[in-house]
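Read through the structure below, which is laid out as structure tokens, and then see the notes.
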Amino acid sequence: MATSLSDILAALQNGVTAINRLGNIVSVIFPEVTSTSTSAPSAVGAITFSSSLATGFMLVELSSGATVKVPYYTQ
């Protein structure tokens with residue numbers, strides 16, 4: 001069975017559309033990083049694991065208005 005160029009083009013266009021939709025969905029689900037920090041949280045309920053291993057912390061503002069620190073690490 002031969003595949004025509006129009007079939008290949010349609011498949012590529014559908015793939016691009018799917019990736020764009022996925023990007024839109026992910027941007028709605030996950031909050032945007034508003035800033036970064038290098039200091040660990042120092043409040044009650046702070047990180048209980050070895051937070052000194054974190055490269056830094058992403059500051060994320062939640063829809064409730066609260067700002068939380070999310071650790072990130074180098075590869």
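Structure data summary
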{"quantity": "Footprinting exposure proxy for Ile29, Ile8 (fewest neighbouring C-beta atoms within 10 Å first)", "calculated": "Ile29, Ile8"}
{"quantity": "Inter-site label distance for Ser4 and Gln75 at 7 Å from Cα along Cβ, in nm", "calculated": "4.2 nm"}
{"quantity": "For Glu32, Glu61, order by how many other beta-carbon atoms lie within 10 Å, fewest first", "calculated": "Glu32, Glu61"}
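Bear in mind these aren't lab numbers, they're just calculated from the coordinates by the rules spelled out. Note that the coordinates shown come from a computational prediction; the quantities given were computed from them, not determined experimentally. Reconstructed Cβ throughout: ideal geometry from the backbone, glycine too, with neighbour counts over all protein chains shown.
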